[in-house]
Amino acid sequence: MEFKTERRRGWLWVPSLYFAEGLPYVVVMTLAGIMYTRLGVGNTEMAFFTSWLMLPWLIKPLWSPIVDIISTKRRWVIVMQWAVALALGSVALALPGEYYFRISMASFFAIAFLSATHDIAADGFYMLGLDERGQSFFVGIRTTFYRAAMLFCQGPVVMAAGYMEEMTGSVSRAWMWTFYGLSALFLLLALCNSLTMPRPETRLSTVSGSKRERIGAVVREFGRSFASFFRKPQILTALAFMVLYKLPEAQIIKMINPFLLHSVSDGGLGLTTREVGVVYGTVGVIGLLLGGIAGGFVVARGGLRRWLMPMAWSMSLTCLSFVYLAFGADHSLLTIGSCVFVEQFGYGFGGTAYILYLMAFSSGPFKTSHYAIATGFMTLGTMFPGMAAGWIQEQLGYGLFFVWTMVCCVVTIAVAWRVRRSL
(Lines give C-alpha, C1' and ligand atoms only; values in the text may rest on other atoms or scores of the structure.)
Protein backbone atom coordinates (compact mmCIF):
# COMPACT_ATOMS: atom_id res chain seq x y z
CA MET A 1 0.00 0.00 0.00
CA GLU A 2 2.83 2.40 0.89
CA PHE A 3 4.52 1.78 -2.47
CA LYS A 4 1.27 2.44 -4.34
CA THR A 5 0.82 5.69 -2.45
CA GLU A 6 4.40 6.79 -3.13
CA ARG A 7 4.07 5.82 -6.78
CA ARG A 8 0.87 7.85 -7.10
CA ARG A 9 2.53 10.87 -5.49
CA GLY A 10 5.64 10.41 -7.66
CA TRP A 11 3.53 10.91 -10.79
CA LEU A 12 2.76 14.41 -9.49
CA TRP A 13 6.37 15.61 -9.51
CA VAL A 14 8.84 13.26 -11.27
CA PRO A 15 7.65 13.99 -14.86
CA SER A 16 7.60 17.78 -14.39
CA LEU A 17 10.93 17.74 -12.52
CA TYR A 18 12.79 15.97 -15.33
CA PHE A 19 11.02 17.89 -18.09
CA ALA A 20 12.28 21.01 -16.28
CA GLU A 21 15.76 19.48 -16.11
CA GLY A 22 15.92 18.75 -19.83
CA LEU A 23 14.38 21.92 -21.27
CA PRO A 24 17.02 24.55 -20.33
CA TYR A 25 19.84 22.25 -21.48
CA VAL A 26 18.31 21.94 -24.94
CA VAL A 27 17.60 25.69 -25.03
CA VAL A 28 21.26 26.47 -24.37
CA MET A 29 22.82 23.70 -26.47
CA THR A 30 20.55 23.79 -29.54
CA LEU A 31 17.94 26.53 -29.57
CA ALA A 32 20.47 29.32 -28.97
CA GLY A 33 22.45 28.26 -32.04
CA ILE A 34 19.35 28.18 -34.27
CA MET A 35 18.26 31.60 -33.04
CA TYR A 36 21.67 33.21 -33.58
CA THR A 37 21.92 31.71 -37.08
CA ARG A 38 18.52 33.18 -37.97
CA LEU A 39 19.59 36.55 -36.55
CA GLY A 40 22.60 36.60 -38.88
CA VAL A 41 25.41 35.76 -36.44
CA GLY A 42 28.37 34.16 -38.28
CA ASN A 43 29.23 30.51 -37.76
CA THR A 44 32.60 31.30 -36.15
CA GLU A 45 31.06 33.51 -33.46
CA MET A 46 27.99 31.32 -32.99
CA ALA A 47 29.91 28.06 -32.53
CA PHE A 48 32.64 29.60 -30.37
CA PHE A 49 30.40 31.40 -27.90
CA THR A 50 27.62 28.82 -27.65
CA SER A 51 30.25 26.12 -26.99
CA TRP A 52 31.43 28.16 -24.00
CA LEU A 53 27.94 27.69 -22.56
CA MET A 54 28.92 24.09 -21.78
CA LEU A 55 31.39 25.31 -19.13
CA PRO A 56 28.96 25.14 -16.15
CA TRP A 57 28.24 21.45 -16.85
CA LEU A 58 31.99 20.84 -17.17
CA ILE A 59 32.84 22.25 -13.75
CA LYS A 60 29.62 21.54 -11.83
CA PRO A 61 31.30 18.88 -9.62
CA LEU A 62 33.29 21.75 -8.09
CA TRP A 63 30.22 23.28 -6.43
CA SER A 64 28.09 20.18 -5.99
CA PRO A 65 29.22 19.89 -2.30
CA ILE A 66 27.66 23.32 -1.67
CA VAL A 67 24.27 21.99 -2.76
CA ASP A 68 24.66 19.14 -0.28
CA ILE A 69 25.77 21.34 2.62
CA ILE A 70 23.63 24.47 2.33
CA SER A 71 19.82 24.27 2.69
CA THR A 72 17.78 21.38 1.22
CA LYS A 73 17.81 19.93 -2.28
CA ARG A 74 14.10 20.66 -2.62
CA ARG A 75 14.72 24.35 -2.00
CA TRP A 76 17.62 24.37 -4.46
CA VAL A 77 15.39 22.82 -7.12
CA ILE A 78 12.57 25.32 -6.62
CA VAL A 79 14.83 28.38 -6.48
CA MET A 80 16.75 27.30 -9.60
CA GLN A 81 13.50 26.74 -11.53
CA TRP A 82 12.13 30.19 -10.72
CA ALA A 83 15.51 31.71 -11.60
CA VAL A 84 15.66 29.87 -14.95
CA ALA A 85 12.18 31.20 -15.80
CA LEU A 86 13.37 34.75 -15.16
CA ALA A 87 16.57 34.20 -17.17
CA LEU A 88 14.56 32.91 -20.15
CA GLY A 89 12.51 36.10 -19.97
CA SER A 90 15.69 38.18 -19.93
CA VAL A 91 16.71 36.60 -23.27
CA ALA A 92 13.41 37.82 -24.75
CA LEU A 93 13.94 41.31 -23.32
CA ALA A 94 17.42 41.50 -24.86
CA LEU A 95 16.52 40.58 -28.44
CA PRO A 96 15.04 43.88 -29.68
CA GLY A 97 18.04 45.88 -28.36
CA GLU A 98 21.20 47.01 -30.09
CA TYR A 99 23.46 44.86 -27.90
CA TYR A 100 21.23 41.80 -28.04
CA PHE A 101 24.09 39.35 -28.63
CA ARG A 102 26.10 40.30 -25.54
CA ILE A 103 23.11 40.54 -23.24
CA SER A 104 21.44 37.37 -24.49
CA MET A 105 24.73 35.45 -24.21
CA ALA A 106 25.01 36.59 -20.59
CA SER A 107 21.45 35.36 -20.03
CA PHE A 108 22.22 32.01 -21.68
CA PHE A 109 25.29 31.62 -19.47
CA ALA A 110 23.11 32.31 -16.42
CA ILE A 111 20.62 29.68 -17.65
CA ALA A 112 23.48 27.19 -18.10
CA PHE A 113 24.82 27.81 -14.58
CA LEU A 114 21.35 27.62 -13.02
CA SER A 115 20.50 24.49 -15.01
CA ALA A 116 23.72 22.71 -14.02
CA THR A 117 23.00 23.49 -10.36
CA HIS A 118 19.42 22.31 -10.82
CA ASP A 119 20.72 19.00 -12.23
CA ILE A 120 22.76 18.39 -9.08
CA ALA A 121 19.85 19.14 -6.76
CA ALA A 122 17.20 17.31 -8.83
CA ASP A 123 19.18 14.08 -9.09
CA GLY A 124 19.91 14.21 -5.36
CA PHE A 125 16.28 14.94 -4.52
CA TYR A 126 15.11 12.01 -6.66
CA MET A 127 16.98 9.64 -4.32
CA LEU A 128 15.51 11.33 -1.24
CA GLY A 129 11.94 11.69 -2.47
CA LEU A 130 11.57 8.02 -3.43
CA ASP A 131 12.61 4.75 -1.82
CA GLU A 132 14.55 2.14 -3.82
CA ARG A 133 11.41 0.59 -5.34
CA GLY A 134 10.11 4.00 -6.33
CA GLN A 135 13.45 4.96 -7.85
CA SER A 136 13.47 1.79 -9.94
CA PHE A 137 9.87 2.31 -11.05
CA PHE A 138 10.39 5.92 -12.16
CA VAL A 139 13.87 5.62 -13.74
CA GLY A 140 12.45 5.05 -17.22
CA ILE A 141 9.80 7.73 -16.72
CA ARG A 142 12.34 10.38 -15.74
CA THR A 143 14.42 9.57 -18.82
CA THR A 144 11.33 9.71 -21.03
CA PHE A 145 10.30 13.16 -19.82
CA TYR A 146 13.87 14.46 -20.06
CA ARG A 147 13.90 13.36 -23.70
CA ALA A 148 10.38 14.74 -24.19
CA ALA A 149 11.80 18.15 -23.30
CA MET A 150 14.40 17.65 -26.03
CA LEU A 151 11.74 16.72 -28.58
CA PHE A 152 9.48 19.60 -27.51
CA CYS A 153 12.21 22.23 -27.69
CA GLN A 154 13.77 21.13 -30.98
CA GLY A 155 10.44 20.39 -32.66
CA PRO A 156 7.29 22.34 -31.67
CA VAL A 157 9.21 25.32 -30.24
CA VAL A 158 11.34 25.76 -33.37
CA MET A 159 8.28 25.28 -35.59
CA ALA A 160 6.39 27.89 -33.55
CA ALA A 161 9.28 30.33 -33.96
CA GLY A 162 9.22 29.65 -37.70
CA TYR A 163 5.49 30.33 -37.93
CA MET A 164 5.94 33.61 -36.05
CA GLU A 165 8.79 34.61 -38.37
CA GLU A 166 6.45 34.14 -41.32
CA MET A 167 3.51 35.89 -39.62
CA THR A 168 5.39 38.91 -38.24
CA GLY A 169 8.06 39.28 -40.90
CA SER A 170 10.59 39.88 -38.12
CA VAL A 171 13.06 37.24 -36.94
CA SER A 172 13.92 39.21 -33.80
CA ARG A 173 10.29 39.70 -32.78
CA ALA A 174 9.46 36.05 -33.47
CA TRP A 175 12.23 34.76 -31.22
CA MET A 176 11.41 37.35 -28.57
CA TRP A 177 7.87 35.93 -28.26
CA THR A 178 9.27 32.40 -28.40
CA PHE A 179 11.38 33.06 -25.33
CA TYR A 180 8.55 34.81 -23.55
CA GLY A 181 6.55 31.63 -24.13
CA LEU A 182 9.37 29.45 -22.78
CA SER A 183 9.64 31.71 -19.72
CA ALA A 184 5.90 31.39 -19.06
CA LEU A 185 6.09 27.60 -19.46
CA PHE A 186 8.95 27.38 -17.00
CA LEU A 187 7.06 29.54 -14.52
CA LEU A 188 4.25 26.98 -14.68
CA LEU A 189 6.74 24.13 -14.14
CA ALA A 190 8.26 25.94 -11.16
CA LEU A 191 4.81 26.55 -9.68
CA CYS A 192 3.82 22.92 -10.26
CA ASN A 193 6.94 21.57 -8.54
CA SER A 194 6.60 24.08 -5.69
CA LEU A 195 3.17 22.62 -4.94
CA THR A 196 3.73 18.91 -5.61
CA MET A 197 7.28 18.01 -4.55
CA PRO A 198 7.39 16.25 -1.14
CA ARG A 199 9.50 17.41 1.79
CA PRO A 200 11.63 14.39 2.74
CA GLU A 201 14.57 16.35 4.15
CA THR A 202 14.60 17.24 7.82
CA ARG A 203 18.20 18.47 8.10
CA LEU A 204 20.21 21.02 6.20
CA SER A 205 22.87 18.46 5.45
CA THR A 206 23.47 14.75 5.53
CA VAL A 207 26.90 15.39 7.03
CA SER A 208 27.03 15.91 10.81
CA GLY A 209 29.07 18.49 12.71
CA SER A 210 29.58 22.25 12.37
CA LYS A 211 29.51 23.95 8.98
CA ARG A 212 33.32 24.15 8.93
CA GLU A 213 33.61 20.45 9.78
CA ARG A 214 31.06 19.54 7.11
CA ILE A 215 32.88 21.57 4.47
CA GLY A 216 36.20 20.00 5.48
CA ALA A 217 34.75 16.50 5.32
CA VAL A 218 33.26 17.08 1.87
CA VAL A 219 36.49 18.62 0.52
CA ARG A 220 38.57 15.71 1.84
CA GLU A 221 36.12 13.19 0.35
CA PHE A 222 36.20 14.97 -3.00
CA GLY A 223 40.00 15.05 -2.93
CA ARG A 224 40.19 11.30 -2.25
CA SER A 225 37.75 10.47 -5.01
CA PHE A 226 39.50 12.79 -7.49
CA ALA A 227 42.92 11.31 -6.76
CA SER A 228 41.65 7.73 -6.94
CA PHE A 229 40.12 8.42 -10.37
CA PHE A 230 43.56 9.12 -11.84
CA ARG A 231 45.03 6.02 -10.22
CA LYS A 232 42.65 3.69 -12.06
CA PRO A 233 44.18 1.13 -14.45
CA GLN A 234 44.36 2.19 -18.13
CA ILE A 235 43.67 5.80 -17.14
CA LEU A 236 45.47 7.33 -20.16
CA THR A 237 43.58 5.11 -22.59
CA ALA A 238 40.32 5.99 -20.84
CA LEU A 239 41.01 9.72 -20.93
CA ALA A 240 41.86 9.59 -24.63
CA PHE A 241 38.59 7.78 -25.28
CA MET A 242 36.55 10.22 -23.18
CA VAL A 243 37.99 13.29 -24.89
CA LEU A 244 38.38 12.10 -28.50
CA TYR A 245 35.61 9.59 -29.20
CA LYS A 246 33.10 12.33 -30.07
CA LEU A 247 35.54 14.48 -32.08
CA PRO A 248 33.62 14.28 -35.42
CA GLU A 249 30.17 14.62 -33.86
CA ALA A 250 31.20 17.51 -31.58
CA GLN A 251 32.03 19.53 -34.70
CA ILE A 252 29.23 18.46 -37.01
CA ILE A 253 26.49 18.99 -34.43
CA LYS A 254 27.30 22.72 -34.30
CA MET A 255 27.00 23.11 -38.07
CA ILE A 256 23.92 21.03 -38.89
CA ASN A 257 21.38 23.78 -38.19
CA PRO A 258 23.36 26.55 -39.95
CA PHE A 259 23.79 24.21 -42.94
CA LEU A 260 20.06 23.56 -43.04
CA LEU A 261 19.16 27.25 -42.61
CA HIS A 262 21.70 29.08 -44.78
CA SER A 263 20.73 29.87 -48.35
CA VAL A 264 21.87 27.74 -51.29
CA SER A 265 24.08 30.61 -52.47
CA ASP A 266 25.90 30.42 -49.10
CA GLY A 267 26.37 26.66 -49.41
CA GLY A 268 23.40 25.68 -47.23
CA LEU A 269 20.10 24.01 -48.01
CA GLY A 270 17.87 27.06 -47.57
CA LEU A 271 15.25 25.54 -45.26
CA THR A 272 12.92 27.76 -43.28
CA THR A 273 12.98 27.75 -39.48
CA ARG A 274 9.68 25.87 -39.48
CA GLU A 275 11.09 23.17 -41.79
CA VAL A 276 14.15 22.78 -39.54
CA GLY A 277 11.77 22.23 -36.62
CA VAL A 278 10.10 19.43 -38.57
CA VAL A 279 13.28 17.82 -39.93
CA TYR A 280 15.74 18.10 -37.08
CA GLY A 281 13.44 18.58 -34.11
CA THR A 282 11.13 15.65 -34.82
CA VAL A 283 12.67 13.23 -37.34
CA GLY A 284 16.17 13.84 -35.96
CA VAL A 285 15.20 13.42 -32.31
CA ILE A 286 13.22 10.26 -33.09
CA GLY A 287 16.32 8.87 -34.83
CA LEU A 288 18.43 9.74 -31.78
CA LEU A 289 16.02 8.01 -29.40
CA LEU A 290 15.70 4.89 -31.56
CA GLY A 291 19.48 4.71 -31.93
CA GLY A 292 19.91 4.84 -28.18
CA ILE A 293 17.30 2.13 -27.64
CA ALA A 294 18.90 -0.11 -30.29
CA GLY A 295 22.34 0.45 -28.77
CA GLY A 296 21.18 -0.57 -25.31
CA PHE A 297 19.44 -3.65 -26.71
CA VAL A 298 22.43 -5.05 -28.63
CA VAL A 299 24.91 -4.39 -25.80
CA ALA A 300 22.58 -6.11 -23.32
CA ARG A 301 22.61 -9.18 -25.57
CA GLY A 302 26.21 -9.23 -26.79
CA GLY A 303 28.25 -7.12 -24.36
CA LEU A 304 30.19 -3.89 -24.83
CA ARG A 305 33.41 -5.52 -26.04
CA ARG A 306 31.61 -7.18 -28.93
CA TRP A 307 29.69 -4.08 -30.02
CA LEU A 308 32.16 -1.26 -29.33
CA MET A 309 33.77 -1.21 -32.79
CA PRO A 310 30.49 -1.52 -34.77
CA MET A 311 29.14 1.35 -32.67
CA ALA A 312 32.21 3.47 -33.31
CA TRP A 313 31.92 2.85 -37.05
CA SER A 314 28.20 3.62 -36.93
CA MET A 315 28.81 6.93 -35.19
CA SER A 316 31.55 7.86 -37.64
CA LEU A 317 29.92 6.88 -40.91
CA THR A 318 26.89 9.06 -40.20
CA CYS A 319 29.04 12.02 -41.34
CA LEU A 320 28.63 10.59 -44.85
CA SER A 321 24.98 11.64 -44.86
CA PHE A 322 25.98 15.31 -44.74
CA VAL A 323 28.75 14.86 -47.28
CA TYR A 324 26.02 13.53 -49.57
CA LEU A 325 23.73 16.50 -48.87
CA ALA A 326 26.54 19.00 -49.39
CA PHE A 327 27.63 17.60 -52.77
CA GLY A 328 24.45 15.88 -53.98
CA ALA A 329 21.74 17.42 -56.15
CA ASP A 330 18.71 15.96 -54.34
CA HIS A 331 17.69 18.44 -51.64
CA SER A 332 14.07 17.42 -51.20
CA LEU A 333 12.65 17.56 -47.68
CA LEU A 334 12.31 13.77 -47.70
CA THR A 335 16.00 13.29 -48.56
CA ILE A 336 17.14 15.85 -45.98
CA GLY A 337 14.95 14.25 -43.32
CA SER A 338 16.30 10.80 -44.16
CA CYS A 339 19.92 11.98 -43.89
CA VAL A 340 19.26 13.73 -40.58
CA PHE A 341 17.56 10.57 -39.28
CA VAL A 342 20.57 8.44 -40.29
CA GLU A 343 23.02 10.86 -38.67
CA GLN A 344 21.06 11.07 -35.41
CA PHE A 345 20.38 7.32 -35.29
CA GLY A 346 24.10 6.64 -35.69
CA TYR A 347 24.93 9.18 -33.00
CA GLY A 348 22.41 7.62 -30.59
CA PHE A 349 23.59 4.09 -31.39
CA GLY A 350 27.30 4.89 -31.14
CA GLY A 351 26.85 7.16 -28.13
CA THR A 352 25.42 4.26 -26.12
CA ALA A 353 28.84 2.59 -26.11
CA TYR A 354 30.38 5.82 -24.86
CA ILE A 355 28.03 6.17 -21.88
CA LEU A 356 28.27 2.48 -20.97
CA TYR A 357 32.06 2.64 -20.99
CA LEU A 358 32.00 5.70 -18.73
CA MET A 359 29.73 3.85 -16.31
CA ALA A 360 31.94 0.74 -16.37
CA PHE A 361 35.12 2.75 -15.88
CA SER A 362 33.57 4.65 -12.95
CA SER A 363 32.62 1.53 -10.98
CA GLY A 364 34.11 1.19 -7.53
CA PRO A 365 33.92 2.85 -4.11
CA PHE A 366 33.60 6.39 -5.56
CA LYS A 367 31.42 5.52 -8.54
CA THR A 368 29.18 8.61 -8.26
CA SER A 369 32.11 11.03 -8.05
CA HIS A 370 34.09 9.16 -10.69
CA TYR A 371 31.16 9.23 -13.10
CA ALA A 372 30.82 12.99 -12.56
CA ILE A 373 34.52 13.44 -13.36
CA ALA A 374 34.21 11.21 -16.43
CA THR A 375 31.25 13.20 -17.74
CA GLY A 376 33.34 16.33 -17.19
CA PHE A 377 35.94 14.97 -19.60
CA MET A 378 33.09 14.07 -21.96
CA THR A 379 31.96 17.71 -21.90
CA LEU A 380 35.55 18.82 -22.47
CA GLY A 381 35.75 16.59 -25.55
CA THR A 382 32.59 18.22 -26.94
CA MET A 383 33.22 21.81 -25.92
CA PHE A 384 36.57 22.60 -27.55
CA PRO A 385 35.97 20.93 -30.94
CA GLY A 386 32.61 22.72 -31.04
CA MET A 387 34.31 26.05 -30.41
CA ALA A 388 36.53 25.56 -33.46
CA ALA A 389 33.84 24.11 -35.75
CA GLY A 390 32.49 27.44 -37.00
CA TRP A 391 35.92 28.79 -37.92
CA ILE A 392 36.85 25.54 -39.72
CA GLN A 393 33.59 25.61 -41.67
CA GLU A 394 34.04 29.20 -42.75
CA GLN A 395 37.55 28.41 -43.99
CA LEU A 396 36.56 25.28 -45.90
CA GLY A 397 32.90 25.75 -46.83
CA TYR A 398 30.20 23.28 -45.88
CA GLY A 399 31.18 20.52 -48.32
CA LEU A 400 34.84 20.29 -47.34
CA PHE A 401 33.94 20.80 -43.67
CA PHE A 402 31.85 17.63 -43.72
CA VAL A 403 34.70 15.85 -45.49
CA TRP A 404 36.98 17.06 -42.66
CA THR A 405 34.65 15.48 -40.10
CA MET A 406 35.03 12.21 -42.02
CA VAL A 407 38.81 12.50 -41.61
CA CYS A 408 38.31 13.01 -37.86
CA CYS A 409 36.46 9.69 -37.76
CA VAL A 410 39.89 8.02 -37.86
CA VAL A 411 40.46 9.31 -34.32
CA THR A 412 37.15 7.86 -33.11
CA ILE A 413 37.95 4.44 -34.56
CA ALA A 414 41.50 4.50 -33.15
CA VAL A 415 40.53 5.30 -29.54
CA ALA A 416 37.66 2.79 -29.66
CA TRP A 417 40.03 0.07 -30.90
CA ARG A 418 42.48 0.87 -28.11
CA VAL A 419 39.77 0.73 -25.45
CA ARG A 420 38.39 -2.54 -26.81
CA ARG A 421 41.79 -4.16 -26.24
CA SER A 422 41.63 -3.14 -22.57
CA LEU A 423 38.11 -4.46 -21.92
- Message: With the requirement that a residue be more than 21 Å from F327 (Cα to Cα), touching a Phe, Trp or Tyr at 6+ places or on another chain (Cβ under 8 Å) and open to solvent by less than 40 Å² (accessible area, probe 1.4 Å), what does region 273-287 give you?
- Response: G287
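Could you check region 119-144 and list, in sequence order, the residues that are hydrophobic (A, V, I, L, M, F, W, C) and buried (at least 21 other Cβ atoms within 10 Å of the Cβ)?
The answer is I120, A121, A122, F125, L130, F138.
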- Would you be able to say whether some residue in region 312-319 is on the phi < 0 side of the Ramachandran plot, over 19 Å from the mean Cα position of the chain (by Cα) and open to solvent by 50 Å² or more (accessible area, probe 1.4 Å)? yes
- Do we find a residue being within 21 Å of the chain's Cα centre (by Cα), closer than 23 Å to Y18 by Cα and of a type in the set (K, R) anywhere in region 56-77? yes
- Query: If you scan region 27-43, which residues turn out to be under 12 Å from the mean Cα position of the chain (by Cα) and open to solvent by 10 Å² or more (accessible area, probe 1.4 Å)?
  - Reply: M29, T30
- Determine which member of the set L333, L396, L380 is out of contact with any strand residue (DSSP E or B) (no Cβ under 9 Å at 6 or more places or on another chain) and free of Cβ contacts under 8 Å to residues at least 40 places away in the same chain. L396
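Table: residues versus (1) open to solvent by 10 Å² or more (accessible area, probe 1.4 Å); (2) at positive phi; (3) at pLDDT below 90; (4) among the basic types (K, R).
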residue	(1), (2), (3), (4)
F322	no, no, no, no
V340	no, no, yes, no
I355	yes, no, yes, no
M359	yes, no, yes, no
- Going through region 96-123 in order, the residues found to be among the hydroxyl-bearing types (S, T, Y) and over 20 Å from A174 (Cα atoms) are S115, T117
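Which of the residues that make up region 394-405 are of a type outside the set (S, T, Y) and open to solvent by less than 50 Å² (accessible area, probe 1.4 Å)?
The first filter runs over region 394-405 and keeps only residues of a type outside the set (S, T, Y), leaving 394-397, 399-404.
Correct list: G397, G399, F401, F402.
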- Flag if L308 is under 24 Å from R420 (Cβ atoms), of a type outside the set (D, E, K, R), in contact with a helix residue (DSSP H, G or I) (Cβ under 9 Å, 6 or more places away or on another chain) and buried (at least 21 other Cβ atoms within 10 Å of the Cβ): yes
- Message: Take the conditions among the small types (G, A, S), over 24 Å from E45 (Cα atoms) and in a helix (DSSP H, G or I) and apply them to A149. Does it pass?
- Response: yes
- Task: Consider only pairs whose beta carbons are under 6 Å apart and that are at least six residues apart or on different chains; among these, list those whose first residue lies in region 163-178 and is free of Cβ contacts under 8 Å to residues at least 60 places away in the same chain and open to solvent by 30 Å² or more (accessible area, probe 1.4 Å) and whose second residue is part of a helix (DSSP H, G or I) and not polar (S, T, N, Q).
- Result: M164/A174; M164/W177; T168/A174
- Do we have G270 as surrounded by fewer than 17 Cβ atoms within 10 Å (Cβ to Cβ) and at pLDDT 90 or above here? yes
- Can you give me the ranges of the helices (runs of 4 or more DSSP H) entirely in region 273-390 with at least 2 residues that are among the polar types (S, T, N, Q)? 304-317, 333-361
- Item | Among (1) hydroxyl-bearing (S, T, Y); (2) closer than 24 Å to T117 by Cα; (3) open to solvent by less than 50 Å² (accessible area, probe 1.4 Å) - the single one Y371 does not satisfy | (3)
- Query: If you go through region 161-183 one residue at a time, do you hit one that is of a type in the set (K, R), more than 20 Å from W11 (Cα to Cα) and outside any helix (DSSP H, G or I)?
  - Reply: no
- Elements of type helices (runs of 4 or more DSSP H) contained in region 44-118, each with 1 or more residues being surrounded by 21 or more Cβ atoms within 10 Å (Cβ to Cβ) and charged (D, E, K, R): 73-94
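The values are calculated or read from the model by the stated rules, or taken from the named source; none is laboratory data. All figures in this text were calculated on a predicted structure; none of them were measured in a lab. We place every Cβ from the backbone using ideal geometry, glycine too, and count neighbours over all the protein chains shown. Just the protein is used for accessible areas: all its heavy atoms, side chains included, with ligands, DNA and RNA removed. Shrake-Rupley method; radii C 1.70, N 1.55, O 1.52, S 1.80 Å.
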